[in-house]
Every structure is written in C-alpha cells, then in structure tokens.
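Novice: I'd like to ask you about the structure that follows.
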Amino acid sequence: MAKTPDLTPAGTTVLAAPVKPESVTAISEKLSRPTWAEISLPALRRNYARVRKLADYRKLMAVTKADAYGHGAPNVAQVLEACGADWFGVATVDEAIELRAAGVTRPILLLGGLYMSDPAALIEFRLTPTVSSTARLDTYADCAHQFGQAVDFHLKVDTGMGRLGIPPNLLESFMERLADLNEGASPSEGRLQLSGFFTHLASAEDLVATQTDDQLARFTRALGRLRALGAEPRWVHVSNSAALLARTDVQENMVRVGALLYGYCLPLALPAGSERRTPAEFEPVLSFRSRVVFLKDHPAGTPLGYSASFFTRRPSRIATIPVGYADGLSRALSNRGQVILRGSFARIVGNISMDMTLVDVTDIPGVAVGDEVTLIGQSGGLSITATEVAQAIGTIPYEVLCSIGKRVPRIYLECPDASEEPSPVKRLGNILR
Ligand SMILES: Cc1ncc(COP(=O)(O)O)c(C=O)c1O
C-alpha cells in the first residue's frame with residue numbers, strides 16, 4: 001500500500017494509505033474538489049473470502065483489469081495478494097507492470113495477449129501471455145530464444161464467445177507448430193511451454209439458454225483433444241463470476257473472477273419455477289460520493305441545465321454537485337437518476353454536465369452547502385448500487401464502475417473491526433422515475 005496520502009493532484013487516482021471511515025470527512029474536505037470514491041478494504045476481503053469458499057479446491061485468479069474495475073488496481077491487488085489470491089488477470093502489459101510496481105509477486109496472465117510491443121517485458125516482469133493463434137506462437141518463440149528463457153503461455157480456445165481464442169479444429173496444427181518451434185531447443189535456449197488452457201463463457205449468468213452447456217461441452221472435447229495430442233496443461237480455467245455462482249459442473253482447477261470480488265455479478269436468469277439464487281451476501285466495495293457546493297431557489301417554470309431539458313414545476317431549491325459525466329456519472333441519468341442526501345433520495349434534474357449535476361432538494365429540509373451526496377453506496381440507511389444505476393441507463397454494473405473517471409480520487413478505508421457486517425439498508429430498487 002502506498003505510504004503517503006496524496007490528496008491533491010487533479011487527473012490522477014489517489015493512492016492513499018488506508019484510512020478509518022471516520023477520517024473520510026476530513027480527507028474529503030481537503031480535496032480540491034469534494035468528489036471521491038471510497039473503497040472498503042474490509043468489504044473486499046470479505047468478498048474474497050466468499051469467492052474463495054465457492055471456488056473450493058480450485059485456485060483463484062483475481063481479475064484486476066481496467067484498474068480493478070475502477071477500484072484502483074495497485075491497492076486492490078496488494079490486498080488480494082495478502083488474502084491469498086493465486087493469480088492475477090489483466091488486459092494489457094501496462095496493467096501488469098503497474099501490479100509489479102505495486103509489489104505484486106504472484107503470476108499475472110495477460111488476458112488480452114495481443115498487444116505486446118516489447119517482448120522483453122514478458123521476461124522482465126514475469127508475465128504469462130494468452131495465445132489464441134498459431135501465428136502468435138512465433139512471436140513468443142522469438143522472445144524465448146532471444147532471452148534464452150522458457151516462456152510459459154496459456155492457450156485460449158474459442159468455444160462460443162466468438163472473440164479471442166483458437167477454434168477447436170485448429171488445435172492439431174497449433175500443437176504441430178509448437179513442437180516444430182521447440183524442436184531441438186534446450187531449456188537454456190528457451191522453450192515455449194503450454195502451461196494453461198482456458199476458454200471464456202459468453203452468458204454464464206443465463207441458466208435458461210443452452211449456450212453455456214454447449215460451450216462447456218466444446219471445452220471438454222477440446223481439452224480431451226489437447227491431452228490426446230500429448231499436452232497436459234497445469235492450469236485449466238473457465239469460470240467467471242456468474243459461472244462460479246451458477247454452475248457446479250465446470251472441469252477446471254482455477255477460476256477467473258472479477259465482479260464478485262467487487263460485490264457485483266450479472267443477475268442470474270433461472271428457469272421458471274427454480275429457486276432464486278442471488279449473490280446477496282456479496283457487498284459492493286465502492287461508494288461514489290460528492291458534496292453540495294451551491295444552492296439556489298428558483299420560481300416555477302425555470303429552465304435548468306444545458307438544452308433546458310427540465311423546467312421547475314413549482315418553486316424549487318436546486319443543489320449543484322461537482323460531479324459530471326466526465327467523472328463517470330452517465331449523462332443518461334439526466335432527469336432520471338437519484339442520489340442520497342440527508343437520508344432521502346433526491347432527483348437529478350436537467351442534463352448532467354461534464355463537471356456538474358443539479359439535484360432537486362426542495363423536499364429535503366435543511367440541505368446546506370457541504371452536505372455529503374451519495375451517487376453509489378449507502379448513506380443514512382439508504383442504498384444505491386451500481387446495478388441499479390446500470391439498470392436505469394440500460395447497461396451493466398461493470399461499465400458503471402469502470403467509468404468512474406481518473407480525476408475522482410480513490411480513498412481506501414480500513415475499519416477498526418474488519419469482521420463487522422454492514423447493517424441492513426433500504427434499497428432504491430429502481431431509480432427510474
Ligand atoms: C477472459 C476473462 N476472464 C474472466 C473475467 C472476469 O469476469 P467477471 O468479472 O464476470 O468475473 C473477464 C472479465 O471480463 C474476462 O474477460
């Protein structure tokens with residue numbers, strides 16, 4: 001964890017040393033702009049423990065790509081490594097180097113695997129690439145020979161996502177090329193080692209459609225074919241968060257989990273009549289907050305914000321909040337979203353601007369400049385989740401979390417009693433009006 005709190009620079013994520021919840025007010029008041037995201041490290045640890053339990057005998061790859069889904073990858077990865085995460089999964093070499101710079105020592109899989117301008121980074125930072133084609137093998141063979149070191153890679157097979165991954169019918173030619181490239185190469189000359197085999201599920205949350213069953217059947221056949229060709233990958237991994245929750249029939253010795261660690265998952269679609277299984281016990285780790293910076297009273301009939309998409313219908317008290325779509329508060333929430341203020345839900349009115357948002361506080365007594373506003377998270381017994389925000393604007397919680405911008409400082413919270421469970425809250429449910 002970074003030792004020195006660095007609270008001021010705009011345009012950077014703050015890597016603050018963990019603070020106690022009661023210190024957040026003081027910290028947020030020192031920010032040049034009072035808009036921030038709180039990351040609860042105890043909640044992250046509890047989610048890790050829940051994932052660990054579900055994974056059972058399987059190893060756990062923590063997916064921390066996209067800045068750990070907006071939570072700040074260096075600090076999140078440090079905490080998860082201390083919890084015992086076996087592997088980390090990232091999208092790019094830069095993301096992997098960021099984890100190494102933060103002191104992460106566990107193996108890192110480059111899930112993207114396509115963009116590697118500097119092969120030396122693989123060796124220097126001990127990164128494991130994903131290979132999805134025979135052509136890519138040649139690049140890694142050059143790398144292995146150039147540095148005289150073995151390069152471990154994980155082979156991805158496309159079983160139905162239609163994205164990365166080798167088609168199963170090309171496994172034979174892939175293995176032939178691998179044997180050719182390795183022929184005669186002594187360990188000191190650098191060999192390519194197929195140490196992992198995996199696929200990605202397109203709709204594991206959907207237990208009504210048969211796509212996942214089809215993908216799993218294709219994967220089992222592909223693994224059998226690979227073994228028949230003489231390969232015995234040490235790591236076999238398929239499950240993402242939804243599969244970990246929903247399936248018990250996946251052949252693997254590792255899972256790749258992101259969303260659940262951060263307290264989210266796509267809602268599971270279950271066959272009619274089956275018992276509802278929800279990931280209720282997983283806790284959102286991130287809260288997105290700001291403060292009222294300006295208050296104004298308007299008569300009825302006043303246009304508010306760009307393009308006058310809202311006119312007050314009564315004499316109204318309108319609060320300005322210094323957060324906008326450039327911070328990840330989607331413009332699609334204009335005239336639809338709500339926030340929590342003084343223990344009440346308050347409506348967003350007018351179009352959300354790049355840096356500012358207007359909220360109708362007419363019905364909330366006593367609102368004052370400096371009051372805390374919760375955009376995502378719990379406050380005063382109320383709650384707004386990233387899933388609710390996502391449902392309101394037709395997207396998924398992943399996008400809501402990843403969109404929280406770089407100029408929003410992340411403050412890492414450490415509770416005195418890490419085992420303390422959060423108290424029940426009233427949920428917004430559906431923030432659409
Ligand atoms: C290849 C791969 N594996 C695993 C994951 C983790 O998925 P989830 O966040 O749903 O657990 C992702 C995330 O998008 C991914 O791209």
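The values are calculated or read from the model by the stated rules, or taken from the named source; none is laboratory data. The model shown is predicted, which means the values in this text are computed figures rather than measured ones. Here the Cβ positions follow ideal geometry from the backbone for every residue, glycine too, while neighbour counts run over all protein chains shown.
Novice: So which of Val369, Val359 ends up being assigned to a strand (DSSP E or B), away from the ligand (no atom under 16 Å from the Cβ), among the hydrophobic types (A, V, I, L, M, F, W, C) and modelled with pLDDT of 95 or more?
Specialist: Working: Val369 fails: assigned to a strand (DSSP E or B).
None of the others qualify; the one that does is Val359.
Novice: Could you check region 182-227 and list, in sequence order, the residues that are within 16 Å of the ligand (Cβ to nearest atom), surrounded by fewer than 20 Cβ atoms within 10 Å (Cβ to Cβ) and of a type in the set (A, V, I, L, M)?
Specialist: Ala202, Leu207
Novice: Turning to a different aspect of this structure: Does at least one position in region 250-260 carry a residue that is assigned by TED's automatic domain parsing to the domain that holds Ala73, away from the ligand (no atom under 16 Å from the Cβ) and farther than 30 Å from Tyr412 by Cα?
Specialist: Within region 250-260 (the criterion being assigned by TED's automatic domain parsing to the domain that holds Ala73, away from the ligand (no atom under 16 Å from the Cβ) and farther than 30 Å from Tyr412 by Cα), the answer is yes, since at least one residue qualifies.
To keep it simple, each residue is scored yes or no on (1) within 23 Å of Ser133 (Cα to Cα); (2) in contact with a Leu (Cβ under 9 Å, 6 or more places away or on another chain); (3) of a type in the set (Gly, Ala, Ser).
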| position | (1), (2), (3) |
| --- | --- |
| Leu207 | no, yes, no |
| Gln211 | no, yes, no |
| Arg218 | yes, no, no |
| Arg227 | yes, no, no |
| Ser239 | yes, yes, yes |
| Leu245 | no, yes, no |
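Novice: With Val255, Val208, Val236 as the choices, which residue is closer than 24 Å to Pro271 by Cβ and either in a helix (DSSP H, G or I) or modelled with pLDDT of 95 or more (or both)?
Specialist: Working: Val208 fails: either in a helix (DSSP H, G or I) or modelled with pLDDT of 95 or more (or both); Val236 fails: closer than 24 Å to Pro271 by Cβ.
Result of the check over Val255, Val208, Val236: Val255.
Novice: While we're on this one: Please list, ordered by residue number, the helices (runs of 4 or more DSSP H) wholly in region 1-118 having 1 or more residues that are at pLDDT 95 or above and assigned by TED's automatic domain parsing to the domain that holds Ser195.
Specialist: On the way: elements: 24-30, 41-55, 65-70, 73-83, 93-101.
Of the helices (runs of 4 or more DSSP H) lying wholly inside region 1-118, those with at least 1 residues that are at pLDDT 95 or above and assigned by TED's automatic domain parsing to the domain that holds Ser195 span 41-55, 65-70, 73-83, 93-101.
Novice: When region 156-181 is examined, which residues are found to be hydrophobic (A, V, I, L, M, F, W, C) and either within 34 Å of the chain's Cα centre (by Cα) or surrounded by 19 or more Cβ atoms within 10 Å (Cβ to Cβ) (or both)? Please lay out each step first, then the result.
Specialist: Initial filter on region 156-181 (hydrophobic (A, V, I, L, M, F, W, C)): 157, 161, 164, 166, 170-171, 174-175, 178-179, 181.
Passing the criteria: Val157, Met161, Leu164, Ile166, Leu170, Leu171, Phe174, Met175, Leu178, Leu181.
Novice: Take the residues of region 121-155 that are aliphatic (A, V, I, L, M) and under 30 Å from the mean Cα position of the chain (by Cα): which is farthest from the ligand (Cβ to nearest atom)?
Specialist: Pass one, region 121-155, residues aliphatic (A, V, I, L, M): 121-123, 127, 131, 135, 137, 141, 144, 150-151, 155.
Of the ones still in play, those that are also under 30 Å from the mean Cα position of the chain (by Cα) are 121-123, 127, 131, 137, 151, 155.
On the way: Ala121: 20, Leu122: 18, Ile123: 23, Leu127: 15, Val131: 14, Leu137: 20, Val151: 20, Leu155: 13 Å.
Only one residue fits best here, namely Ile123.
Novice: So how many residues does region 319-331 have that are among the small types (Gly, Ala, Ser), outside any loop (DSSP other than H, G, I, E, B) and under 21 Å from the mean Cα position of the chain (by Cα)?
Specialist: Taking region 319-331 and keeping what is among the small types (Gly, Ala, Ser), we get 319, 324, 326, 328, 330.
Those still in the list that are outside any loop (DSSP other than H, G, I, E, B) too: 319, 326.
With under 21 Å from the mean Cα position of the chain (by Cα) added as a condition, the list becomes 326.
Selection size over region 319-331: 1.
Novice: So, Gly230, is that one farther than 19 Å from Asn351 by Cα and in contact with a Phe, Trp or Tyr (Cβ under 6 Å, 6 or more places away or on another chain) or not?
Specialist: Working: farther than 19 Å from Asn351 by Cα: yes; in contact with a Phe, Trp or Tyr (Cβ under 6 Å, 6 or more places away or on another chain): no.
Taking the combined requirement at face value, the residue does not satisfy it.
Novice: So which residues in region 127-168 are among the hydrophobic types (A, V, I, L, M, F, W, C) and in contact with a His (Cβ under 9 Å, 6 or more places away or on another chain)? Before you say what the answer is, go through the steps one by one.
Specialist: Of region 127-168, the ones among the hydrophobic types (A, V, I, L, M, F, W, C) are 127, 131, 135, 137, 141, 143-144, 147, 150-151, 153, 155, 157, 161, 164, 166.
Those that are among the hydrophobic types (A, V, I, L, M, F, W, C) and in contact with a His (Cβ under 9 Å, 6 or more places away or on another chain): Val131, Met161, Leu164.
Novice: In a helix (DSSP H, G or I) and either more than 8 Å from the ligand (Cβ to nearest atom) or of a type in the set (Asp, Glu) (or both): is that true of Leu244 in this structure? Break it down into steps so the answer makes sense when it comes.
Specialist: Values: in a helix (DSSP H, G or I): yes; either more than 8 Å from the ligand (Cβ to nearest atom) or of a type in the set (Asp, Glu) (or both): no.
Here the answer is no, as Leu244 does not meet what is asked.
Novice: For region 292-313, indicate whether the set of residues that are under 20 Å from Pro409 (Cβ atoms) and outside the structural domain of Arg45 (by TED's automatic domain parsing) is non-empty. Don't jump to the end; show me each part of the working.
Specialist: Applying the first criterion (under 20 Å from Pro409 (Cβ atoms)) to region 292-313 yields 292-293.
Among the residues that remain, those that are also outside the structural domain of Arg45 (by TED's automatic domain parsing) are: 292-293.
Among the residues of region 292-313, at least one is under 20 Å from Pro409 (Cβ atoms) and outside the structural domain of Arg45 (by TED's automatic domain parsing), which makes the answer yes.
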